[in-house]
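Novice: Dropping the structure in here first, questions after.
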Amino acid sequence: MRTIFYIVRKEFRQIFRNKSMLPIIFVMPVIQLLILANAATFEIKNVDFNVLDLDRSPLSFKLASKFEASPYFTRSLTELNSYTAEEEIINGKAKLVIVIPENFEKDLVRDNTAEVQLLINAIDGSAAGIIASYAQNILADFNIEARINMINMYQPEPLPVIGISYRHWFNPELDYITFMVPGIMALLVTLIGLLLSAMSIVKEKEIGTIEQINVTPIRKHELIIGKLIPFFVIALFELAFGLTIGKIVFDIPIVGSIWLIFLFAALYLIVALSVGLIISTFTDTQQQAMFITWFIMVIFILMSGLFTPIQSMPMWAQRITWFNPVAYFIDVMRMVMLKGSDFSDIQRHFVILSVYAVFSTSYAVFRYKKVN
Amino acid sequence: MKKFFGFVIKECLHLLRDWRTMIILVGMPVAQIILFGFAIRNELDSVRIGILDHSRDEVTREITEELLSSGYFILDGYYGSTDEIGAAFRKGRIKEAVVFGNDFSNSLVRENRADIQIITDASEPNMANLALSYTAGIIRNYASSLSEQKQIPLTMNIETKMLYNEELRSVFMFVPGIMALILMLISAMMTSITIAREKELGTLEVLLASPLKPMQIILGKVAPYLILSMVNLALILTVSTSVFGMPIRGSLLLLIAECALFITTALSLGILISAVSNSMQIAMAISLVVLMLPTVLLSGFIFPVENMPWPLQAISHILPAKWFLIIIKNIMLKGTGFAYVWKETAVLAGMTLFLLVVSMKKFKIRL
């Protein structure tokens with residue numbers, strides 16, 4: 001026990017002696033939270049649109065102003081004619097162009113039916129889907145209003161109507177920052193834990209001090225535990241710091257138990273730190289270690305559901321994410337912080353991650369050899 | 001000139017000799033584009049839903065059937081109360097629940113009105129919004145199919161045309177971004193590291209003492225990576241068209257020329273990074289922090305730039321990847337010619353020139 005304590009003290013001194021360490025611990029999380037939370041958004045608002053009005057009737061003007069009044073849409077300033085309509089989308093000036101054909105109002109009155117065309121830039125497919133549904137809703141409302149206004153004493157004909165109401169639970173405003181911040185916390189903890197532990201032993205190897213440690217009576221597990229405890233403490237501190245910022249700056253809800261978050265984070269860190277340690281034992285230089293860590297990080301993050309949902313991935317890719325500890329941690333952070341899930345809800349995550357923890361720590365201890 | 005070519009050949013051999021690095025440099029981009037091309041998507045697919053059906057009659061069964069046969073939703077199960085739905089949300093079993101009101105089909109026939117409530121797990125806002133709009137669309141279609149026979153006065157028919165990507169596949173959005181990311185990383189990071197390495201090992205001094213001019217040395221170092229990046233580009237384009245069905249609607253020649261320009265920009269960025277850093281480690285750290293994160297987050301690769309707050313939009317303007325993405329989406333998906341991308345091309349060319357001039361100024365000929 002005493003040996004471990006001394007190693008921990010040595011490690012802490014070494015970490016804080018390094019002047020570049022403090023900004024990494026204190027500045028990086030703030031910057032990451034501020035940039036990531038604001039940049040990573042699929043929110044759709046102020047969509048640029050334009051109207052190609054070939055009818056120029058009172059009704060078509062009303063339709064255009066109905067769109068202008070919507071909070072989702074902003075009209076671009078160009079005056080369109082039939083040649084420049086698609087141009088507007090190619091130029092990126094508008095994402096949506098509403099085409100109102102000639103004789104729109106006349107047709108509607110005479111034939112009881114008229115066409116409206118929506119041209120949507122669909123390169124961003126999911127945004128296009130939502131824009132289309134917003135626009136169709138506005139048009140449907142407009143249609144009902146027009147019907148009531150144009151037919152005097154319009155008696156709603158006995159048509160079957162299915163009324164649709166909706167409620168968004170846990171995040172009624174569909175605020176994207178609320179969604180992103182718990183995931184970024186997970187990223188923060190991973191980044192610091194993985195990088196520090198990956199550099200730890202390889203650094204001693206590179207400088208040559210590992211030989212000195214190897215000739216001491218320090219046992220394998222003592223060294224590993226002693227090396228990892230400081231990173232464990234720093235990473236948990238990082239999480240607390242991140243949560244504080246999230247609460248103060250973004251006012252993120254923490255519905256569930258904060259202890260559960262830290263408990264799971266501790267379990268997760270055992271996995272992350274041993275993965276870092278394994279990298280450390282596989283490499284000879286800090287550069288190699290850094291390169292491999294980054295490579296693994298990119299895969300872990302892009303496959304974790306942080307930016308794009310896991311359920312949209314094809315099945316084989318979803319199976320890969322079962323082996324991604326980051327995916328579990330992000331999931332738990334979101335569940336506990338936003339939905340207030342309790343221990344029984346995240347049992348499965350706990351069990352799987354415990355298995356990974358046992359597996360990765362024993363492999364790390366096995367990989368590390370005291371003889372070169 | 002002959003000396004210069006000799007140097008380029010030496011550098012190429014240098015690169016080819018290290019076959020492990022070569023495999024990584026050629027294999028990694030292909031592996032990445034395949035993995036991420038498949039995995040990074042945000043379209044609605046197999047969302048697990050729960051049904052809370054107070055009526056359990058013909059119509060509710062039909063609507064449930066419609067929802068499930070759309071391919072977007074998978075039934076997790078029938079629930080008995082809103083509390084059960086809340087529990088399922090907290091467990092993460094379902095993302096959406098559809099609640100049918102009491103006596104559904106009877107009230108639809110008698111009172112011409114019946115109510116459905118859609119509850120979403122909005123802790124994932126984008127999914128919630130998408131799921132809601134798809135569900136509402138399916139129900140609305142069903143409702144209008146009920147009244148098909150009757151003539152409704154004054155109906156506006158809406159025709160929605162999804163331009164450039166009819167099936168709304170998210171691959172079209174993300175593959176260009178992955179291309180930019182990979183080309184940026186390979187070109188900029190590798191050049192910066194290779195020059196920093198010569199510095200660190202002290203061999204740059206030997207080279208500088210040779211009759212070659214410093215600029216020739218740098219160009220000679222960069223040339224093999226230019227070739228390598230072009231090979232990578234060919235591989236990436238082949239994979240994205242054959243595996244992901246990305247179209248190349250515009251001119252292929254123009255596309256290749258624009259990619260070459262972007263690669264040159266990335267290479268000059270790499271030269272600049274190596275000029276200001278003294279060790280491989282610093283070069284690598286700068287490349288990763290300055291290139292990778294902003295390219296992923298702020299270039300419009302995954303998240304649309306126009307939704308970001310203005311300070312971030314301002315940063316995005318100085319990222320070469322942002323302009324490159326506009327260009328390749330224009331050429332590949334919209335099929336436009338040079339007339340539509342000359343501004344972005346000019347920006348990229350200007351950046352390249354600027355980077356080259358600055359790195360030449362910064363590059364110390366004497367050590």
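The values are calculated or read from the model by the stated rules, or taken from the named source; none is laboratory data. These numbers come from a predicted model, not from an experiment. Here the Cβ is made from the backbone with ideal geometry for all residues, glycine too, and neighbour counts use every protein chain on show. Please note that ligands, DNA and RNA were not included when accessible areas were found on the heavy atoms of the full protein model with its side chains. Shrake-Rupley method; radii C 1.70, N 1.55, O 1.52, S 1.80 Å.
Novice: Which whole-number value in Å² is the accessible area per residue of the protein assembly as shown, probe 1.4 Å?
Specialist: 44
Novice: Sticking with this structure for a sec: Grab the other residues whose beta carbon is less than 14 angstrom from that of A:L263, score K and R as +1, D and E as -1, and report the net.
Specialist: Charge balance near A:L263 sits at -2.
Novice: Under 5 Å between amide H atoms, partner at least 5 residues away or on a different chain: which partners does A:T113 have, H built in plane at 1.01 Å?
Specialist: Counting only residues 5 or more places away or on other chains, the set is B:T155.
Novice: For the interface of chains B and A, what total accessible area is buried with a 1.4 Å probe, rounded to the nearest 100 Å²?
Specialist: Summed over both sides, the interface buries about 9300 Å².
Novice: If each DSSP helix of 4+ residues adds -39,500 (n - 2.57) and the sum is divided by the residues in chain B, what number results at 222 nm, nearest 500 deg cm²/dmol?
Specialist: -20000 deg cm²/dmol
Novice: Still on this structure, please answer the following. For segment A:1-86, run through the chymotrypsin sites (Phe, Trp or Tyr not before Pro) and keep only the ones in DSSP coil with at most 11 other Cβ atoms within 10 Å of their Cβ. Can you show the working numbers first?
Specialist: Numbers: sites: A:F5, A:Y6, A:F12, A:F16, A:F26, A:F42, A:F49, A:F61, A:F67, A:Y72, A:F73, A:Y83; in loops: A:F42, A:Y72, A:Y83.
Passing both the DSSP loop test and the Cβ count: A:Y83.
Novice: Same structure again: Kindly identify the protein assembly as shown as rounded, prolate or oblate by the Cα gyration tensor criterion: order the square roots of the eigenvalues as a ≥ b ≥ c, call it rounded if a/c is under 1.5, otherwise compare a/b with b/c, prolate if a/b is larger, else oblate. Walk me through the intermediate numbers first.
Specialist: Details: a/c = 2.71, a/b = 1.44, b/c = 1.89.
Oblate, because a/c is 1.5 or more while a/b does not exceed b/c.
Novice: Just to confirm a number: summing +1 for Lys and Arg and -1 for Asp and Glu over residues other than B:Y340 whose beta-carbon lies under 10 angstrom from that of B:Y340, what do you get?
Specialist: Within the 10 Å Cβ shell, the charges total 0.
Novice: A follow-up question, please. Give me the percent of accessible area attributable to carbon and sulfur for segment B:44-158, probe 1.4 angstrom.
Specialist: In segment B:44-158, the share of accessible area belonging to carbon and sulfur is 43 percent.
Novice: I've got another one for you. Counting DSSP beta bridges with both partners in the protein assembly as shown, what percentage is antiparallel, nearest 5?
Specialist: On the way: 9 of 45 bridges.
The antiparallel proportion sits near 20 percent.
Novice: Taking springs between alpha-carbon atoms closer than 10 angstrom, which of A:V161, A:V336, A:V27 fluctuates most in the Gaussian network model of chain A?
Specialist: Looking only at A:V161, A:V336, A:V27, the largest GNM fluctuation is found for A:V161.
Novice: While we're here: Whenever you get a sec, compute what percent of the accessible area on segment A:83-175 sits on carbon and sulfur atoms (1.4 Å probe).
Specialist: On segment A:83-175, the fraction of accessible area on carbon and sulfur atoms equals 51 percent.
Novice: Between the DSSP loop rule and a limit of at most 15 other Cβ atoms within 10 Å, which trypsin sites (Lys or Arg not before Pro) in segment A:12-94 are left?
Specialist: Passing both the DSSP loop test and the Cβ count: A:K19, A:K45, A:R56.
Novice: Considering Cα pairs under 8 angstrom that are at least six residues apart, work out the relative contact order of chain A and quote it in whole percent.
Specialist: Working: 421 pairs, mean separation 72.1, N = 372.
Here the relative contact order equals 19 percent.
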